[in-house]
1. Hey, which aspartates and glutamates would be in cross-link range of residue 14, C-alpha to C-alpha under 18 Å, not counting anything within fewer than 8 residues on its own chain?
2. Stretched out fully, how many nm does the piece from residue 18 to residue 152 gain, at 0.36 nm a residue minus the Cα gap?
3. Kindly identify the range 53-109 as rounded, prolate or oblate by the Cα gyration tensor criterion: order the square roots of the eigenvalues as a ≥ b ≥ c, call it rounded if a/c is under 1.5, otherwise compare a/b with b/c, prolate if a/b is larger, else oblate.
4. Return the long-range amide H neighbours of residue 132 (sequence gap of 5 or more, or a different chain), with a cut-off of under 5 Å between placed amide H atoms.
5. Amide H neighbours of residue 100 under 5 Å, at least 5 residues apart or on other chains, H built in the peptide plane: list them.
6. Heavy atoms of the protein only, probe of 1.4 Å, neighbouring chains included. What is the accessible area of residue 147 in Å², nearest 10?
7. Please compare each pair in 67/158; 59/110; 29/124; 33/124; 110/151 to a cut-off of 28 Å on the Cα-Cα distance and tell me which ones are over it.
8. With the Cα gyration tensor of the range 1-98 giving a ≥ b ≥ c as the square roots of its eigenvalues, does the rule (a/c under 1.5 for rounded; else a/b larger than b/c for prolate; else oblate) give rounded, prolate or oblate?
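The values are calculated or read from the model by the stated rules, or taken from the named source; none is laboratory data. Nothing here was measured: the structure is a model prediction, and the numbers come from that model. Every residue, glycine as well, gets a Cβ built from its backbone with ideal geometry; the counts of neighbours run over all protein chains shown. Calculation scope for accessible area: heavy atoms of the full protein, side chains included, ligands and nucleic acids excluded. Shrake-Rupley method; radii C 1.70, N 1.55, O 1.52, S 1.80 Å.
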Amino acid sequence: MSMTTVQDILEAGKHASLTGSVLSEWAEKGTPKQREYLHGVLLAEHESRQESRRARLLKSARLPALKSLSGFDYSSVRFPEDYGRQALESLAFINHAQDLVLYGDVGTGKTHMASALVAAACQKGIQARFFTTSSLVMTLRRAKDEDRLDKELAALAKNQILAIDLCRAGNYAEVLGTRVPEEALPLGSGQESTVPISA
């Protein structure tokens, strides 16, 4: 078993918001066993904070249900030629600022997959939010009526993922009371990866 060094303790302490000079002084004074114990405490504190952050992100994501891609049945999923399961589950589309469009019949797993991707992002410490189309429109409409639309948009912009479920004209009609043609509903301005899910 390798001996815990002073440098190991200093590196762990960087994540614990502790003063480096104090850590260094006390780590130097400690015996190897004491340094090992201190190192373990700092690592445990860091993991505790990370877990708390993941829990906060999951709560603020407002998922309809906590889902996972583990065990997801991909038999009904058809990926584009230049895109596959590994790329999807790696969440690479976030760093590339790509839109990801899931489409298919009712009950084919679109909401499950979208929810699972949001949950996976939260587990990685990435801020994300889940909406149905109607709830998003209502949120923005309420913010506009209360003269705080800019503040609401700024809050939404902090999310690296915005998952919008049931992106269909019918949902806009439900909220706005008017018919909106499908071709008038652009899904985003970035590059898209479409993932059809068939029955």
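1. Straight-distance partners of residue 14: 25, 28, 36, 45, 47, 51.
2. 44.8 nm
3. Oblate, since a/c reaches 1.5 and b/c is not below a/b.
4. Result for residue 132 returns 165.
5. 193
6. Per-residue accessible area (residue 147): approximately 140 Å².
7. 29/124; 33/124; 110/151
8. Note, shape of the range 1-98 comes out prolate.
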